[in-house]
Amino acid sequence: MKKIICMILVLIVMSSYYFIQKDLNHNEQKRAQSEPTSTLTETLAPSDTFVEIGDSFVYKDQSIQYMLIFPAKYTKTENQWPLIFFLHGSSLRGENLDLVKEYGPTWIAEQRPDFPFVVLAPQCPEGDDWVNKSDILIALLDDVFKKYRIDQNRVYLTGVSLGGRGAWSLASHYPEYFAALAPLAAASQSIPTSWNKQLLTIPVWAFHGEKDPIVPLKNDEALIDSLRNQGGTPRFTILPGQGHNIAGVYKNKELYDWFLSNTRHP
């Protein structure tokens, strides 16, 4: 009788051990599945010159073409890099992605071997407007974050003309993404009755031609005054004697030094 009781006790202990171990294994497997894993998928080979990538991106019911330009040093390092997010003007809209290299940080990145930024430049479809594309632009930026070594605290947003208005709009909707904002000759932008409080803290350096016949200087002045009146401290440069085409600002090393002097603090 005692032997039977002992055998029963042994079976109970063994069964308990089995189910406990099974539960531990299940929890371990579940934990492993829930832990985040690296999402970097870059396949850039070491290069002695810049690397240019042209691709398209789909988000919900929208699609957009974009260009990424990496400096040669990016391919030979393992560190994270600052990024310039560039929105072009209306004349570069369409389906020819090479157009986005005609001026701006894209052009500079391919001319200066020591350019210290990755440049992301989407292309706006013909007849469309950047202000309608804030959601897909941020989704594209998130996708780039997943694939490449980008310092998310050093992302700088800039645009000219139509792209300047787009930059204001994108920063207004998603200020938490950007370390600094530089709109040039910003096309007509409605003045917000109240600015996003987080946008008020973003360093801004806006540029406008004194004799702009397309987007009157007074439009940008009103926008800057509104931002200042609500607590912002934007820097505003009026270019004497210049008109609407002020993309030459992108050749100024001081702009890029200013970008790098600003870091986002989440």
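The values are calculated or read from the model by the stated rules, or taken from the named source; none is laboratory data. Just so we're clear, the structure is a prediction, and the values are computed from it rather than from any experiment. Note: ideal-geometry Cβ built from the backbone for every residue, glycine included; neighbour counts use all protein chains shown. The protein model used for the area step is the full one, side chains on, heavy atoms only, and it has no ligands, DNA or RNA in it. Shrake-Rupley method; radii C 1.70, N 1.55, O 1.52, S 1.80 Å.
Worth pointing out:
- Length-normalised contact order for segment 163-262 - Cα pairs under 8 Å, 6+ apart - percent: 28
- For segment 41-78 versus segment 195-266, the gap between their alpha-carbon centres in whole angstrom: 28
- For segment 232-241, 3J(HN,Hα) per residue [Karplus equation, 6.51 cos²θ - 1.76 cosθ + 1.60, θ = phi - 60°, Hz, x = Gly/Pro]: x, 10, x, 9, 10, 10, 9, 8, x, x
- With every protein chain in place, segment 134-210: carbon and sulfur % of accessible area (1.4 Å): 44
- Rounded to whole Hz, the Karplus (6.51, -1.76, 1.60) HN-Hα couplings of segment 192-201, x for glycine and proline: x, 5, 8, 7, 4, 4, 6, 5, 4, 8
- Placing dummy labels 7 Å off each Cα toward the beta-carbon, the span from residue 229 to residue 253 is 4.0 nm.
- Peptides 167-177, 59-69 ranked from most to least packed give 167-177, 59-69, packing being the mean of other C-beta atoms within 10 angstrom over each peptide's residues.
- For residue 48 and residue 111, a Förster radius of 22 Å and the Cβ-Cβ distance give a FRET efficiency of 0.90, rounded to the nearest 0.05.
- Using the Cβ-Cβ distance between residue 61 and residue 263 with R0 = 45 Å, the FRET efficiency computed as 1/(1 + (r/R0)^6) comes to roughly 0.80.
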